[in-house]
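The values are calculated or read from the model by the stated rules, or taken from the named source; none is laboratory data. Owing to the predicted nature of the structure, the values given are computational and were not obtained by experimental measurement. Backbone-built Cβ (ideal geometry, glycine too); neighbour counts: all protein chains shown.
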């Protein structure tokens, strides 16, 4: 019992001094770390969250100098891409071009009738016109262009011009011999003038239709 009492007395003196020592150590450590926060190294959050920058590559170009025109490359005129795109190739259809060549001939024949020119001039201009129309008809017969109203009109006018040319040629040759026969009235001056007036109307109608469609 005496030994237990002696042990308690010894511990009573020892504990307060030990508690004082640890209490003082904790206060010094708290004072040293005050305001410093986490003492370790933090990860770089900004670097990870930074958006990736898109790199724009620029083509390298080195200007060339030419000492003479002979060093320049020739224009690729045989290249379809150059003809169609660079030169902006004319998209006008072949039919339209052909028809546009016919219109001035129709106008000249109309003026020939209107100005009462000779049979020889009428036949000459008529032959030139009908030859071109015959070529156009043969070129587009059976093709989509043959369904155009302008194409059909040219066929009608072409046939009519040929008929009047034959009538005027025969009239100039046989009129004096057929004056008193039944067929003589066909070659009469009045009948020929009437037929020429009809032809003028057909030619004018054809010109308007060709211009409207093209």
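Residue 212 satisfies every condition listed in (1) surrounded by 14 or more Cβ atoms within 10 Å (Cβ to Cβ); (2) within 25 Å of residue 93 (Cα to Cα); (3) at pLDDT below 95 except (1). Could you tell me whether residue 109 is at pLDDT 95 or above and touching a helix residue (DSSP H, G or I) at 6+ places or on another chain (Cβ under 6 Å)? Yes.
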